[in-house]
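Data block below; observations after.
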Amino acid sequence: MNRKTKSKIEVAFIYLFFVLMFIIIGYPLIWTVMMSINPGTNMLVTQLIPENPTLEHYLWLFTNPNSDYLLWYKNSLIIAVLNALGSVVITSLIAYAFSRYSFIGRKYGLYLFLLLQMFPALMGMVALYILLTTIGLVDSIWGLLLIYLGGQIPFNAWLVKGYYDTISRELDEAAKIDGAGHLRIFWSIMLPLAKPILAVVALFNFMAPFMDFLLPKIVLTDPNNYTLALGLYNFINDQFSTNFTRFAAGSILIAIPIALVFLMLQRYLIGGLTQGATKG
């Protein structure tokens with residue numbers, strides 16, 4: 001077999017792989033979109049390509065007085081935005097301390113971060129619930145936000161610290177010669193160069209409240225405090241519930257803020273370190 005034929009076979013397998021991945025990923029998404037524009041509410045009678053497509057389910061979510069969808073959307077947006085911003089601030093400061101400072105317990109602190117990532121979050125649910133009950137934040141979006149902010153620290157701090165380590169310390173030393181302190185170095189040198197990894201942290205932590213169901217299910221009981229994932233689950237969790245088409249419509253709309261944030265951050269995600277700096 002000559003090299004040209006071998007290359008064509010390899011390309012064919014690559015395209016075949018992409019087609020299979022598209023089917024695996026795209027089919028559920030297409031089915032959900034089509035279900036959301038099917039008339040009726042029962043999933044068993046819906047069609048992949050509806051004969052009479054309708055937007056009544058989307059309108060119901062926003063106009064029906066019995067629908068709390070807008071309230072759930074607002075709760076999720078509040079938590080997502082504050083979680084993304086808070087995570088970037090907290091993570092960037094902690095990672096900078098571990099990357100640039102030498103202090104007692106630094107090595108074991110990093111090991112602790114690594115160790116905490118090995119245990120599933122489910123193991124701490126009871127302790128977290130007791131903690132929120134003690135401080136009076138159970139059944140509150142602020143208590144849920146507090147858990148998100150604290151729970152993201154080990155993984156994100158380890159991730160950002162590794163990125164900080166790739167930034168040359170010569171920049172720090174040059175800035176110190178010019179009279180800059182640690183805060184100035186952090187603000188003027190580290191943060192601009194770390195925009196790609198901080199954008200990743202912001203995006204992932206923005207997405208988390210929209211995707212997470214288990215933690216809100218444990219913490220929140222009042223429907224007025226529900227997030228989207230928990231609220232939409234109630235459309236179909238009852239034994240005789242058949243609101244699958246409304247559930248699909250609500251699920252599709254979750255992608256809108258996530259897509260907008262991704263578009264806002266994509267130049268940092270794609271740009272990488274091409275906007276780095278040198279000092280000579």
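The values are calculated or read from the model by the stated rules, or taken from the named source; none is laboratory data. Model, not experiment: these values are computed from the prediction. A quick note on method: Cβ atoms are made from the backbone with ideal geometry, for glycine too, and the neighbour counts reach across all protein chains shown. Accessible surface is based on the protein model in full, side chains and every heavy atom, while ligands, DNA and RNA are left aside. Shrake-Rupley method; radii C 1.70, N 1.55, O 1.52, S 1.80 Å.
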statement: A careful count of residues in region 42-64 that are modelled with pLDDT under 85 and open to solvent by 40 Å² or more (accessible area, probe 1.4 Å) gives 10
- prompt: Considering only residues of region 205-216 that are surrounded by 16 or more Cβ atoms within 10 Å (Cβ to Cβ) and of a type outside the set (A, V, I, L, M), which is farthest from Leu93 (Cα to Cα)?
  reply: Pro216
Leu115 being surrounded by 13 or more Cβ atoms within 10 Å (Cβ to Cβ) and within 25 Å of the chain's Cα centre (by Cα): no
task: Only residues that are open to solvent by 70 Å² or more (accessible area, probe 1.4 Å) and under 14 Å from Lys161 (Cα atoms): list them for region 93-111, please.
output: Leu93, Tyr101, Ser102, Lys107, Tyr111
message: For region 70-92, check the following and say yes or no: at least one residue is among the small types (Gly, Ala, Ser) and either open to solvent by 60 Å² or more (accessible area, probe 1.4 Å) or over 22 Å from Thr227 (Cα atoms) (or both).
response: yes
- line: Being of a type in the set (Ser, Thr, Tyr), in contact (Cβ under 8 Å) with a residue 12 or more places away in the chain and more than 22 Å from Phe206 (Cα to Cα) narrows Tyr163, Tyr129 down to just Tyr129
- request: Report the residue count in region 47-62 for those that are assigned to a loop (DSSP other than H, G, I, E, B) and either in contact (Cβ under 8 Å) with a residue 60 or more places away in the chain or over 10 Å from Ala249 (Cα atoms) (or both).
  value: 8
query: Would you say Phe204 is modelled with pLDDT of 90 or more and on the phi < 0 side of the Ramachandran plot?
result: yes
statement: The condition of being out of contact with any strand residue (DSSP E or B) (no Cβ under 7 Å at 6 or more places or on another chain) and open to solvent by less than 30 Å² (accessible area, probe 1.4 Å) holds, among Leu183, Leu122, Leu132, Leu191, only for Leu132
statement: Of the candidates Asp165, Asp178, the one satisfying the condition of being under 14 Å from Ser99 (Cα atoms) and among the charged types (D, E, K, R) is Asp165
message: Can you list residue pairs whose Cβ atoms sit under 6 Å apart, with the first residue in region 108-121 being over 22 Å from Leu214 (Cβ atoms) and the second being aromatic (Phe, Trp, Tyr)? Count only pairs 6 or more apart in sequence or on different chains.
response: Phe113/Trp158
field: Top-ranked residue in region 135-155 [being of a type in the set (Phe, Trp, Tyr) and open to solvent by 50 Å² or more (accessible area, probe 1.4 Å); ranked as nearest to Tyr96 (Cα to Cα)]
entry: Phe155
